[in-house]
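Colleague: Dumping the structure here so I can ask a few things about it.
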Amino acid sequence: MNQPAIDPVLTVFTKPWKTLTLEALADQVASWGLHGIELPVRPGFQVEPQDALETLPEAQRVFKDRGLKIVSVAGDLDEAAVRACAAAEVPILRVMLRIDLARGYRVSVAKFQETADSLTPLLRETGVVIGLQNHAGDFVGSAVGLMDVLAPLNPACVRAVLDLGHTALAGEPEPIAIDVASPRLAMVNLKNAIHRVVNEDEDGVKTWKTHWTTARGGLTSWATAVSTLRKHFYQGPLCLTAEYHDPDGKFLSGDPVLPLIQDDIAFLKSLLSAG
């Protein structure tokens, strides 16, 4: 039996192309048949935090002129970022929660919750949604962790960005991660990773690191992810994060990313078109 059809908004995180002009970036994304992008609003990128209130709406116009949209922004959890998103009609402000190991998990979570709660009146006013993403390392890393943080916060204003590359690293199978986060999903990130041995000492103790790879080559089953999202009738944004390591474990950027992301886009579209 065919599963329910879903028609998500397909976007790409443009972090690997920080040196392109907005016009060149928009032309590139338009050629891939996507609906839009996630734009980093960070120092050194096309839009920077200090003048985002003026420059983010200008960036949005560049993409809209090509039939695209800035669907989400990777930025800071503060009033200025929310107002910039509102001015540019960007619906999702994606953030992450780093755990301050000196202060502990609960204190770090409480600080995030306090900040997010203080922004709730502005979020209601503007319609911007804060999307909290799970991430490896010293961050909240799992769907279960996201839902723990989000539980007391307004579900209309603060939601989950579920990164299925990082949930796999955290040991959550795709069906469980999606089911756990589904009540609060604002967006789903797709990428893939493996663990690689980078060192082995004289006692045979191995040091492992995460190696970001292509859709077909890692721990996350994109096919299972799409199948599960169908079961949950998910229609929101699906963001390809375009994160890949070279053989030495360094992040790729610029032109070397192009064949990898284009192949991943084609693979994702084939999964979405399959019944």
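Colleague: Let me confirm something: among Ala215, Ala225, which residue is modelled with pLDDT of 95 or more, under 24 Å from Ala74 (Cα atoms) and part of a helix (DSSP H, G or I)? Before you say what the answer is, go through the steps one by one.
Modeller: Values: Ala215 fails: part of a helix (DSSP H, G or I).
Of Ala215, Ala225, the one residue that is modelled with pLDDT of 95 or more, under 24 Å from Ala74 (Cα atoms) and part of a helix (DSSP H, G or I) is Ala225.
Colleague: Would you mind telling me which numbered condition in (1) within 17 Å of the chain's Cα centre (by Cα); (2) buried (at least 18 other Cβ atoms within 10 Å of the Cβ) Val149 fails?
Modeller: Status for Val149: all satisfied but (1).
Colleague: Moving to a separate point now. Condition (residue is touching a helix residue (DSSP H, G or I) at 6+ places or on another chain (Cβ under 6 Å) and either over 30 Å from Glu79 (Cα atoms) or modelled with pLDDT under 95 (or both)) applied to segment 144-152: is it met by at least one residue?
Modeller: no
Colleague: Looking at (1) touching a strand residue (DSSP E or B) at 6+ places or on another chain (Cβ under 7 Å); (2) without any contact (Cβ under 8 Å) to a residue 60 or more places away in the chain; (3) not charged (D, E, K, R), which is the only condition Ile176 fails?
Modeller: That leaves (1) as the condition not met.
Colleague: I'm checking my understanding of the structure. Among residues of segment 183-211 that are in contact with a helix residue (DSSP H, G or I) (Cβ under 9 Å, 6 or more places away or on another chain) and surrounded by fewer than 18 Cβ atoms within 10 Å (Cβ to Cβ), which one is farthest from Lys15 (Cα to Cα)? Walk me through it before giving the result.
Modeller: Step one: list which residues in segment 183-211 are in contact with a helix residue (DSSP H, G or I) (Cβ under 9 Å, 6 or more places away or on another chain), which gives 183-185, 188-193, 195, 210.
Of the ones still in play, those that are also surrounded by fewer than 18 Cβ atoms within 10 Å (Cβ to Cβ) are 183, 195.
On the way: Pro183: 28, His195: 23 Å.
Among those residues, the one meeting the criterion is Pro183.
Colleague: What are the residues in segment 48-78 that are β-branched (Val, Ile, Thr) and free of Cβ contacts under 8 Å to residues at least 24 places away in the same chain, if any?
Modeller: Of all residues in segment 48-78, those β-branched (Val, Ile, Thr) come to 55, 62, 70-71, 73.
Residue satisfying the conditions is Thr55 alone.
Colleague: Among the residues in segment 241-261, are any under 24 Å from Pro183 (Cβ atoms) and surrounded by 17 or more Cβ atoms within 10 Å (Cβ to Cβ)?
Modeller: First, pick out the residues of segment 241-261 that are under 24 Å from Pro183 (Cβ atoms): 241.
With surrounded by 17 or more Cβ atoms within 10 Å (Cβ to Cβ) added as a condition, the list becomes 241.
Yes.
Colleague: Of the residues Thr14, Thr21, which is over 18 Å from Leu268 (Cβ atoms), β-branched (Val, Ile, Thr) and modelled with pLDDT of 95 or more? Give the steps one after another, and end with the answer.
Modeller: Numbers: Thr14 fails: over 18 Å from Leu268 (Cβ atoms).
Answer to the selection: Thr21.
Colleague: Continuing with this model, one more query. Could you grab the pairs with beta carbons closer than 6 Å, sequence gap of 6+ or different chains, first residue in segment 235-257 and free of Cβ contacts under 8 Å to residues at least 24 places away in the same chain, second one of a type outside the set (Ser, Thr, Tyr)?
Modeller: Asp246/Leu252
The values are calculated or read from the model by the stated rules, or taken from the named source; none is laboratory data. Small disclaimer: the values here were computed from a predicted structure and weren't measured. Glycine also receives a Cβ, built like all others from the backbone with ideal geometry; neighbour counts cover every protein chain displayed.
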